[in-house]
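Below: the structure, in structure tokens.
The values are calculated or read from the model by the stated rules, or taken from the named source; none is laboratory data. For clarity, every value in this text was computed on a predicted model and none was experimentally measured. When we count neighbours, we look across all protein chains shown, and the Cβ atoms used for this are built from the backbone with ideal geometry, even at glycine.
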Amino acid sequence: MYKCNLVLLLLISSCKKEGCQTCTQTLSEDYYPARPGYPKTTSSSYHSCGPNNEWIGNQFNIQRFVFNDTLYTKALSVDCE
């Protein structure tokens, strides 16, 4: 039982080492012509650990789609600190 607790403690603390970041991902959605409840923005945070943090953070991606007479815009951004 002691070994399991020790292993669990190591797993929990392993992401608190240097090089780990807290990232916030934000999604903004909008329609034109306007739809009820839009524009809306949602965001969530997560922890990122590993060698790829340099390219994960500070990204911005915008996409536009046309459905019949409606323009849908989606903007996704990721910011890591």
- Message: Which of the numbered conditions does Ile56 fail, given that it passes all the others? Conditions: (1) at pLDDT 85 or above; (2) under 12 Å from the mean Cα position of the chain (by Cα); (3) surrounded by 10 or more Cβ atoms within 10 Å (Cβ to Cβ).
- Response: (1)
- Task: Just give me the residues in the range 63-81 being more than 20 Å from Thr24 (Cβ to Cβ) and either of a type in the set (Gly, Ala, Ser) or not in a strand (DSSP E or B) (or both), in sequence order.
- Result: Asn68, Asp69
- Here the residues within the range 10-34 that are outside any strand (DSSP E or B) and at pLDDT below 90 are Leu10, Leu11, Ile12, Ser13, Ser14, Cys15, Lys16, Lys17, Glu18, Gly19, Cys20
